[in-house]
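Let me give you the structure first, and then I'll get to my questions.
The values are calculated or read from the model by the stated rules, or taken from the named source; none is laboratory data. In this text the structure is predicted, and so the values were computed from the model without any measurement. Positions of Cβ are backbone-derived with ideal geometry, glycine not excepted, and every protein chain shown enters the neighbour counts. Heavy atoms of the whole protein, side chains included, go into the accessibility calculation; ligands, DNA and RNA do not. Shrake-Rupley method; radii C 1.70, N 1.55, O 1.52, S 1.80 Å.
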Amino acid sequence: MASATKKPAAQKTTAQKVGARPTAKAPAKKKATKDTTATKKSARGTTKASPATATAMKKATKDTAATQKSARVMTKATATKATATKATATKATATKATATKATATARAGGRRDATLLSTASEVQGRMLAARARGLTVGFVPTMGALHAGHAALFEEARRRADIVVVSIFVNPKQFGPKEDLSRYPRPLADDLALCARCGVDYVFHPSLDELYPAGFDTKLVAGALAADLEGAARPGHFDGVLTVVNLLLSIVQPHFAVFGEKDYQQLQLVRRMVADLRMPVEIVPMPVVRDIDGLALSSRNAYLSAEDRKKATCVYRALVAGQDAVQRGETDPGAIATVARGVVRAVDGVEVAYAAVRDGRSLKAIDKLEQPGRLLLAVKLGGVRLIDNGPLFPDARWKP
């Protein structure tokens, strides 16, 4: 029954769709079609009637395409240039990294002998090549007879630089006529072994004629800073020091040079020379290196007998006594120096050459210790001259 009910409904719907009379809107549709046809015809007529406009539009389209093509070419050229620049920078960085890695790899294998150079031209050629590769050059000038104090200087240079150069040259121009030039120790084999252990790359060991050839007639003259202390005791000493240091710096042309504070007056004179002559090198100071009993390490300690070696520790004790006086509130430089001098004089056979408190930077005499100063000592025992120094602070920041 459900099927009989649906069938008539379906037939009625079909009859309505097929047999329905046309509605009154049919003529309007025909009119709309006619109007649309007329509009299109009118549009075609308008386009046909404006050839100049069409030409202008065609030219504008062509110009736009040309501009876009030019922009694409410029963009491509810029990208190519940027890529080339980046590649060059990457290559330069890689070159330095490769050189640094090669140096590190060589050292990682343990001891590596330093390359021994004997002429200025050899050193200059190697250092110019190193600088061209973007490597940092560090330099430590010495007179040989190397010890742990020197090793500390080499290690600091090694920490800072890609290439480390050490010079070994006993400079006759800084010795007086009655000083120990002829007997100054020259253990070259031992020195080279220490350089190797510290990772030194090059040892410059020139002959006397190499640095001072026939006709050499130039010297630097130290100024007022060299007028007293070691300068007064050793006339011409600092002229010779500055002359050879200036010569070595000119040959090696390092980025920096490391000097120990043990020869404190020398350090300040070298700093003054570098500043005055506008030399493009940094001077790096390193603290005094001491033995377990406080004696400052020095090549001349080898001259001391066993007994004198024990007596020499009074120099360190004098520095400590001076600092202790400052910590107790003493600010009179004369009184501080007297305390230090008393400690040395209490030891038989030890003579005080000088004990002085000076400004910590300029080494000028001061009336009162209000800023960091320096206590400088020189003694003689058993025919050996020893120098030492330590900073003085008006507070308790440091003990020598």
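Which residues in segment 339-379 place their backbone N less than 16 Å from a point set 7 Å from the Cα of residue 300 along the Cα-to-Cβ direction?
Once the point is set 7 Å along Cα→Cβ of residue 300, 350-356, 376-379 turn out to lie under 16 Å by backbone N, inside segment 339-379.
While we're looking at this one, here's another question. Quick check: net charge around residue 183, other residues with Cβ under 15 Å of its Cβ, Lys/Arg +1 and Asp/Glu -1?
Details: positive: 178, 186, 300, 385; negative: 179, 180.
So the surrounding residues net to +2.
Related question: Could you sort the peptides 335-348, 204-217, 131-144 by per-residue average Cβ neighbour count (10 Å cutoff), highest mean leading?
So the peptides 335-348, 204-217, 131-144, ranked by packing, come out 131-144, 335-348, 204-217.
Give the accessible area for residue 387 in Å² (nearest 10); use a 1.4 Å probe, count only protein heavy atoms, and leave out ligands, DNA and RNA.
40
Rounded, prolate or oblate: which one fits segment 205-261, using the alpha carbon gyration tensor with axes a ≥ b ≥ c (rounded when a/c is under 1.5, else prolate when a/b beats b/c, else oblate)? Walk me through the intermediate numbers first.
Working: a/c = 2.25, a/b = 1.33, b/c = 1.69.
Oblate, because a/c is 1.5 or more while a/b does not exceed b/c.
Right, next: Give me the 1.4 Å probe accessible area per residue for segment 251-400, excluding ligands and nucleic acids, in Å².
Working: 6890 Å² over 150 residues.
On a per-residue basis, segment 251-400 sits at 46 Å².
Separate question: Under the classification rounded if a/c is under 1.5, otherwise prolate if a/b is larger than b/c and oblate if not, where does segment 215-371 fall, given a ≥ b ≥ c as square roots of the Cα gyration tensor eigenvalues?
Values: a/c = 2.00, a/b = 1.53, b/c = 1.30.
Note, shape of segment 215-371 comes out prolate.
Give the accessible area for residue 126 in Å² (nearest 10); use a 1.4 Å probe, count only protein heavy atoms, and leave out ligands, DNA and RNA.
100
Quote the relative contact order of segment 257-400 in percent (integer), defining contacts as alpha-carbon pairs under 8 Å separated by 6+ residues. Kindly include the intermediate steps, with their values, before the conclusion.
Working: 240 pairs, mean separation 31.0, N = 144.
It rounds to 22 percent for segment 257-400.
Tally up the carbon and sulfur contribution to the accessible surface of segment 263-400 as a whole percent, 1.4 Å probe, everything protein left in place. Intermediate results must be reported in sequence, preceding the final value.
Values: 3230 of 6580 Å².
So the carbon and sulfur contribution to the accessible surface is 49 percent.
In Å², and per residue, what accessible area does segment 163-218 have when probed at 1.4 Å with the other protein chains present? Kindly include the intermediate steps, with their values, before the conclusion.
Values: 2770 Å² over 56 residues.
Value returned for segment 163-218: 50 Å² of accessible area per residue.
How big is segment 299-386 by the Kirkwood estimate over distinct Cα pairs, in Å? Walk me through the numbers before you get to the answer.
On the way: mean 1/r = 0.0744 Å⁻¹.
Radius from the Kirkwood sum: 13.4 Å.
Further question: Quick check: at a probe of 1.4 Å, how many percent of the accessible area of segment 168-212 sits on carbon and sulfur atoms?
Values: 1180 of 2200 Å².
For segment 168-212, the apolar C and S fraction of the accessible surface comes to 53 percent.
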